[in-house]
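The values are calculated or read from the model by the stated rules, or taken from the named source; none is laboratory data. Given the structure is predicted, the values throughout are model-derived calculations rather than measurements. Here the Cβ positions follow ideal geometry from the backbone for every residue, glycine too, while neighbour counts run over all protein chains shown. Side chains are part of the model used for accessible areas, which takes the heavy atoms of the whole protein and leaves out ligands, DNA and RNA. Shrake-Rupley method; radii C 1.70, N 1.55, O 1.52, S 1.80 Å.
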Amino acid sequence: AIAMDSDGDCAMDDKDRCPSSRSGSVVDATGCRPLFETGQKVLALPAVTFAAGSSDLGMAARQSLYQVAQSLAAHPGIAVEVAGFADERPAATGLRLAEARARAVREFLVANGAAAAQVSAKGYGPASGMAGTRRVELREK
């Protein structure tokens, strides 16, 4: 049998746990995008942003998070915290919104392949020092 790499990411199909990687993508031996750079414990997700006062995931966020979910599914030993941020005032409102954003991302990741035990969610309100943000990031646990 001839070894195939259907998605062109240099990981052969029989070992590729992320078969929808883009051709030329940086992938690890499983064919998935590495979540964290060597020595890094935080992954910024620039495509995952939110409208003011919202925890709804847009199309760009969903596309980015789908790749993250596949990487988590391929690496069951990695556990992450989804850290949600909001700067809305008063502080209690900002914290509730940050928590809702983190939960929305966690729910999407779990619905798309990540194990529930791998992903926790926590919101950080205005006191987090991340003023002006409407985003989330992943933190390796």
Over region 65-141: Kirkwood hydrodynamic radius from C-alpha pairwise inverse distances, Å: 12.3 Å
Whichever aspartates and glutamates have a C-alpha closer than 16 Å to that of Lys15, once near sequence neighbours (fewer than 8 apart) are set aside: Asp5, Asp7, Asp28
Charge dipole of the chain about the Cα centre (unit charges at C-beta), most positive-ward option of Pro19, Gln118, Ser71: Gln118
For Lys15, solvent-accessible area (1.4 Å; no DNA, RNA or ligand), Å²: 130 Å²
Ala115 versus Arg96: modelled label distance in nm, points set 7 Å from Cα along the beta carbon direction: 3.5 nm
Rh by Kirkwood over Cα pairs, then Stokes-Einstein D for the chain at 1.002 mPa s and 20 °C, µm²/s: 137 µm²/s
Sequence of Arg103, Arg139, Arg89 from largest to smallest accessible area, 1.4 Å probe: Arg89, Arg103, Arg139
Of all accessible heavy-atom area on region 19-84, the percent that carbon and sulfur account for (1.4 Å): 56 percent
Net +/- balance of residues flanking Glu88 in space, Cβ distance below 14 Å, scoring K and R +1, D and E -1: +3
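Where nothing but the Cβ of Lys and Arg (+1) and of Asp and Glu (-1) is charged, how large is the charge dipole of region 14-124 around its Cα centre, in debye to the nearest 20?
80 debye
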Spatially proximal lysines relative to Lys122 (Cα-Cα < 30 Å; intrachain offsets below 8 disregarded): Lys41, Lys141
Estimated inter-spin distance, Ala3 and Ala51, nm [label 7 Å along Cα→Cβ]: 4.8 nm
In Å², nearest 10: area of Arg135 left accessible to a 1.4 Å probe: 60 Å²
Region 21-65: radius of gyration and largest Cα-Cα distance (Dmax), Å: 13.3, 40
Crossing angle, helix 59-74 versus the chain [Cα axis fit, 0-90 degrees, rounded to tens]: 60 degrees
